[in-house]
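Accompanying notes for the structure given below.
The values are calculated or read from the model by the stated rules, or taken from the named source; none is laboratory data. All figures in this text were calculated on a predicted structure; none of them were measured in a lab. Virtual Cβ from ideal backbone geometry, glycine too; neighbours counted across all protein chains shown. Keep in mind that these areas ignore ligands, DNA and RNA; they rest on the heavy atoms of the full protein, side chains included. Shrake-Rupley method; radii C 1.70, N 1.55, O 1.52, S 1.80 Å.
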Amino acid sequence: MDHPPKKVDSQETHSKDTDPELAGAVPRARVGAVEVMALSEDEVAEHVVQGWRSGRGGAIVTANVDIVRAATRDPGLAALVAGAELVVADGMPVVWAARLAGLRLPGRVTGASLVFTLAASAAREGRSVFLLGGGEPGVAREAGEVLAARYPGLRVAGTYAPPFGFERDPGGTAGLVAAVRAAEPDLVLAGFGFPKQERVIAALRPELPRAWYLGCGAGIPMAAGRFRRAPRALQQAGAEWLFRLALEPRRLVRRYLRDDLPFAFGLLAGAAWRRLTTDRRP
């Protein structure tokens with residue numbers, strides 16, 4: 001996906017990328033400690049397809065408020081996010097903050113949606129997918145069956161749901177890496193939540209450098225039909241988190257209300273203040 005360099009707002013920044021085709025070509029803006037790129041969902045998929053065709057792999061991070069908050073507070077996690085070839089905004093507060101910073105962002109690009117979009121691209125290209133995690137045993141397998149039925153031509157190279165706490169056991173991660181490496185997939189969907197899924201992806205990339213990796217959080221159980229996404233109107237209004245909170249209040253209330261909501265307000269206020277003070281400079 002080749003885009004000519006674009007003229008952007010002074011608040012927009014460009015980082016050094018591991019992907020030379022992206023460096024200096026795709027506008028981006030800093031939100032907290034994360035730089036998000038002005039890419040639509042279709043553009044992400046097209047970039048992945050072009051990567052497959054040229055034998056070039058990479059990783060995708062869909063940065064929601066939770067990820068931006070964690071990365072802003074932990075430089076190690078910020079570096080983990082920065083190592084991805086594509087970092088897109090997942091969550092309307094992140095979109096709004098990027099727009100306040102001057103980035104013409106097309107909109108949200110969610111991990112849950114990319115599961116389907118990238119599976120469709122893989123099917124058209126005759127590529128294979130491996131599903132990792134997804135919560136309960138069997139969920140990844142169910143999701144793989146749904147995707148294969150929906151997109152004829154998609155090859156499911158395998159599924160793997162490691163036991164809870166596998167990341168604390170060196171043998172657990174090694175077994176996961178060995179299973180994926182043996183299958184040699186073109187696309188890996190990792191659904192463990194941040195930062196576990198990104199750490200798994202970092203361990204896998206040297207073994208399969210031509211594959212593409214997506215940390216998709218709850219995208220695998222969603223694909224399996226274990227729970228559904230919010231109505232489109234709520235998604236577009238930036239209120240999908242309320243729908244998720246209603247579905248899983250015990251698990252999400254502390255994260256959403258105590259941690260993410262105050263951080264989101266601070267993120268927006270900071271972006272607005274920086275834009276205002278920059279615009280007033282002579």
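Mind counting the residues in the range 119-152 that are in a loop (DSSP other than H, G, I, E, B) and modelled with pLDDT under 95? Summing the residues that are in a loop (DSSP other than H, G, I, E, B) and modelled with pLDDT under 95 in the range 119-152 gives 5.
Among the conditions (1) under 26 Å from G55 (Cα atoms); (2) within 21 Å of the chain's Cα centre (by Cα), P195 misses just one, which is (1). For the range 26-46, what are the residues that are touching a residue at least 60 places away in the same chain (Cβ under 8 Å) and assigned to a loop (DSSP other than H, G, I, E, B)? Listed by number, the residues that qualify are P27, G32, A38, L39, S40.
Annotation for the range 204-220: at least one member residue is part of a loop (DSSP other than H, G, I, E, B), modelled with pLDDT under 95 and on the phi > 0 side of the Ramachandran plot.
In the range 116-135, the residues that are among the charged types (D, E, K, R) form Cβ pairs under 6 Å with partners that are open to solvent by 20 Å² or more (accessible area, probe 1.4 Å), at six or more places apart or across chains, as follows: R127/D186.
What are the residues in the range 113-141 that are surrounded by fewer than 20 Cβ atoms within 10 Å (Cβ to Cβ) and not basic (K, R), if any? Please lay out each step first, then the result.
Keep residues of the range 113-141 that are surrounded by fewer than 20 Cβ atoms within 10 Å (Cβ to Cβ), which gives 113, 116-117, 120, 123-126, 128, 135-138, 141.
The answer is S113, F116, T117, A120, A123, E125, G126, S128, G135, E136, P137, G138.
If I filter the range 183-198 for residues that are touching a residue at least 12 places away in the same chain (Cβ under 8 Å), open to solvent by less than 10 Å² (accessible area, probe 1.4 Å) and touching an Asp or Glu at 6+ places or on another chain (Cβ under 9 Å), do I get at least one hit? Looking through the range 183-198, at least one residue is touching a residue at least 12 places away in the same chain (Cβ under 8 Å), open to solvent by less than 10 Å² (accessible area, probe 1.4 Å) and touching an Asp or Glu at 6+ places or on another chain (Cβ under 9 Å).
Can you tell me which residues in the range 71-94 are modelled with pLDDT under 90 and part of a helix (DSSP H, G or I)? Spell out how you get there, then give the answer.
Looking only at the range 71-94, we keep the residues that are modelled with pLDDT under 90, and these are 91-93.
Scanning the range 71-94 gives M92, P93.
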